[in-house]
Every structure is written in C-alpha cells, then in structure tokens.
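The values are calculated or read from the model by the stated rules, or taken from the named source; none is laboratory data. Because the structure is predicted, anything quoted here is derived from the model rather than measured. Glycine also receives a Cβ, built like all others from the backbone with ideal geometry; neighbour counts cover every protein chain displayed. Remember, those area values only see protein heavy atoms, side chains included, never the ligands or the DNA or RNA. Shrake-Rupley method; radii C 1.70, N 1.55, O 1.52, S 1.80 Å.
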Amino acid sequence: IYLIEPFDPRRIPVLLLHGLTSSPLVWRNVATDAMENPLIRENFQFWYAFYSTGVPVPQSAALIREKIALIRRSRDPHGTSLASKNIVIVGYSMGGLIARVLATDMGDRLWSAVSKKPFDQVKLQPDDREELRQWIFWKPVPGVREVIFLATPHRGTRMADVSFAQLGRRLVGLPASLVRFQARAFSALSEALENVNVSKRSFTGIDSLSPEAPIYKAFERAQEQLPPRP
C-alpha cells in the first residue's frame with residue numbers, strides 16, 4: 001500500500017484497488033481531481049494498493065489486510081485516531097472483489113462451500129494450515145464505513161472460462177513459493193474438497209473470476225445473513 005503523503009490521523013483513508021492487469025497509476029487522475037475539492041482534501045487521504053492480479057483474490061485480500069494493519073500499528077500504535085477507526089474502500093473490477101472480501105465477515109462459509117469436513121481435521125503442515133486459514137476464514141477490516149464498487153463482477157464473469165482466458169491463465173507466472181504451497185494444500189485437501197477442480201494443481205486470479213469459483217456462493221450466503229438495514 002502506497003501513501004503519497006504522510007499519514008494524517010485526522011483524515012479518513014480512501015483505499016483504491018485497481019483491476020485486472022492494472023496498477024495504482026489508473027487512479028492518478030481520479031485522485032487528483034478529487035483532491036481539488038476542499039471538503040475532500042480536508043477530510044480524506046488516498047491510499048493506493050498494488051497487488052499481483054495473477055494471484056487468487058483471497059490471498060491478495062489477505063496481504064492487503066495485513067498491510068492496512070501494519071500502517072495503522074506503525075503510524076498510530078494506540079489506534080485512537082480517526083484514520084485508524086475508519087476506512088473507505090474503492091474497488092474497480094477485480095479490485096472490487098478484493099474490496100468485498102475486505103468488508104465481509106466470511107466465517108466458515110467459504111470452507112463450507114467446498115467441504116463438509118471440519119477444517120481442523122484436515123491433515124496439513126502447521127504453517128500451511130495457518131496460511132490457508134487466512135485465505136478461507138476472515139473478518140472484515142476494522143472500521144470499513146463505505147465500499148464503492150466500480151464495474152465489479154459480483155457473480156464472476158463467464159469471460160474467465162472462455163478459451164483465450166484459459167490460455168492467459170496458463171501464462172500467469174505465480175511465485176514459486178505459492179506454487180509449492182498450492183501443490184501441498186491441494187494434495188492434503190484432495191479428499192476433503194467437493195465440487196472443486198483440483199486437476200489444475202494451481203489456482204490463479206483468473207480462476208477467481210470464474211462464476212464457478214466457490215467464493216461467489218460464499219458471498220451469497222454471507223449476504224443472506226446480514227441484518228436488515230434500518
């Protein structure tokens with residue numbers, strides 16, 4: 001996460017999340033124009049997230065969640081400032097899916113969408129278990145007040161399943177450590193997973209966009225259990 005000006009405890013952060021195959025530069029004109037408004041300039045500060053769009057959405061969200069926590073701890077150790085207690089998230093395309101993860105209390109809904117076996121009963125190496133837990137079970141980022149979605153495929157997109165997208169998927173270069181982790185996890189989870197294609201032996205950001213990805217079913221279940229708005 002990039003801060004283009006010093007952390008201001010008196011202003012609410014606006015976290016900007018770019019889309020597929022993009023970068024934070026996509027926001028430069030939006031943020032510049034917005035800061036010309038004195039009310040916005042006085043009350044908000046813009047943060048820019050960069051993530052590898054080849055990486056699965058839940059992992060990107062987990063890394064961004066960690067960075068938000070790190071910024072808050074390092075700039076405001078006591079967590080008492082306005083900036084530490086509030087955040088607005090703006091997500092474009094795939095960035096909108098990450099924003100939804102950051103704002104959702106998932107509980108065990110994602111795991112329940114892929115397995116009926118209790119997660120703690122699956123045989124995983126301790127480090128792998130804790131890393132996978134961050135991807136599958138999560139709480140919303142504290143202080144999320146508003147989420148703005150721009151052209152976000154909330155139910156996935158069939159474009160992710162067409163032939164040229166699958167060609168692009170094969171060209172995605174995942175970090176070697178992630179490839180090894182996924183291989184170990186798929187091997188350990190093979191008997192516990194249901195309705196999940198483990199033959200690919202890897203899961204990418206493009207796979208996250210497929211309507212068949214289990215995260216969308218989990219999102220629907222989380223939405224159904226939200227309390228009614230006043």
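Measure nothing but the geometry: give the 0 to 90° angle between the long axis through the Cα atoms of 176-189 and the longest principal axis through the Cα atoms of the chain, rounded to 10°.
Result, in degrees: 50.
Over the chain, with every protein chain in place, what whole percent of the accessible area is carbon and sulfur at 1.4 Å, could you tell me?
Details: 7080 of 12770 Å².
About 55 percent, which is the carbon plus sulfur part of the accessible surface.
Let me know the shape class of the range 72-170, please: from the alpha-carbon gyration tensor, a ≥ b ≥ c as square roots of the eigenvalues, rounded when a/c is under 1.5, otherwise prolate if a/b is greater than b/c, or oblate. The partial results should precede the final answer.
Numbers: a/c = 2.21, a/b = 1.18, b/c = 1.87.
Judged from the Cα gyration tensor, the range 72-170 comes out oblate (a/c at least 1.5, b/c at or above a/b).
Taking the DSSP beta bridges in the chain as the whole, what percent of them are antiparallel, to the nearest 5? Show your work: numbers first, answer last.
Details: 2 of 18 bridges.
The answer is about 10 percent antiparallel.
Rounded to the nearest 500 deg cm²/dmol, what is the calculated helix-only ellipticity per residue at 222 nm for the chain, with -39500 (n - 2.57) per DSSP H run of length n ≥ 4? Display every interim value, and only then the final one.
Numbers: 11 runs with 102 residues, N = 230.
After summing the helix terms and dividing by residue count, I get -12500 deg cm²/dmol.
Applying 1/(1 + (r/R0)^6) with R0 = 45 Å to the Cβ-Cβ distance of Thr32 and Ala188, what FRET efficiency is obtained, to the nearest 0.05? Write down the numbers at each step before the final one.
Values: r = 48 Å, r/R0 = 1.06.
Efficiency at R0 = 45 Å is approximately 0.40.
Once you charge only the Cβ atoms, +1 for Lys and Arg and -1 for Asp and Glu, what is the size of the charge dipole of the chain about its Cα centre, to the nearest 20 debye? Before the final figure, lay out the partial values.
On the way: 30 positive and 22 negative charges, 42 e Å.
In total the dipole reaches around 200 debye.
Provide His78, His18, His154 ordered by accessible surface of protein heavy atoms (probe 1.4 Å), highest first. Please report the intermediate quantities before stating the final value.
On the way: His78 160, His18 0, His154 60 Å².
Ranked from most to least accessible, the order is His78, His154, His18.
Quick one: accessible surface of Asp108, probe radius 1.4 Å, all protein chains present, in square angstrom to the nearest 10.
90
Would you mind classifying the range 28-80 by shape? Square roots of the alpha carbon gyration tensor eigenvalues, ordered a ≥ b ≥ c; an a/c under 1.5 is rounded, otherwise it is prolate if a/b is larger than b/c and oblate if not. Walk me through the intermediate numbers first.
Values: a/c = 3.85, a/b = 1.29, b/c = 2.98.
The shape class here is oblate.
Here is the link list: Lys67/Lys116; Lys117/Lys217; Lys85/Lys139; Lys67/Lys117. Which ones come out longer than 25 Å on Cα distance? List each step's numbers first, then the result.
Working: Lys67/Lys116 32 Å; Lys117/Lys217 18 Å; Lys85/Lys139 15 Å; Lys67/Lys117 32 Å.
Those over the limit are Lys67/Lys116; Lys67/Lys117.
Using only Cα atoms, find the angle between the long axis of helix 57-75 and the longest principal axis of the chain, and express it within 0 to 90 degrees, rounded to the nearest 10.
On a 0 to 90 degree scale, this one is about 40.
So what's the angle, to the nearest 10 degrees on a 0 to 90 scale, between helix 214-224 and the longest Cα principal axis of the chain?
The two axes meet at around 60 degrees.
What's the extension gain from Glu130 to Val179 if we count 0.36 nm per residue and subtract their Cα-Cα distance?
16.0 nm
Read through the labelled values (i) 15.6; (ii) 14.0; (iii) 12.1 and report the label of the one computed as mean projected area of the Cα convex hull in nm² from the structure.
Correct label is (ii).
Kindly identify the range 111-165 as rounded, prolate or oblate by the Cα gyration tensor criterion: order the square roots of the eigenvalues as a ≥ b ≥ c, call it rounded if a/c is under 1.5, otherwise compare a/b with b/c, prolate if a/b is larger, else oblate.
oblate
Bin width 5 Å, alpha-carbon pairs only: give the P(r) of the range 1-49 as whole percents, running from 0 to the bin holding the largest distance.
Bin by bin from 0 Å, the calculated values are 5, 21, 31, 26, 11, 5, 1.
Calculate the FRET efficiency for Asp76 and Ala222 from the Cβ-Cβ distance with a Förster distance of 41 Å, rounded to the nearest 0.05.
Numbers: r = 29 Å, r/R0 = 0.71.
Efficiency computed from Cβ-Cβ geometry: 0.90.
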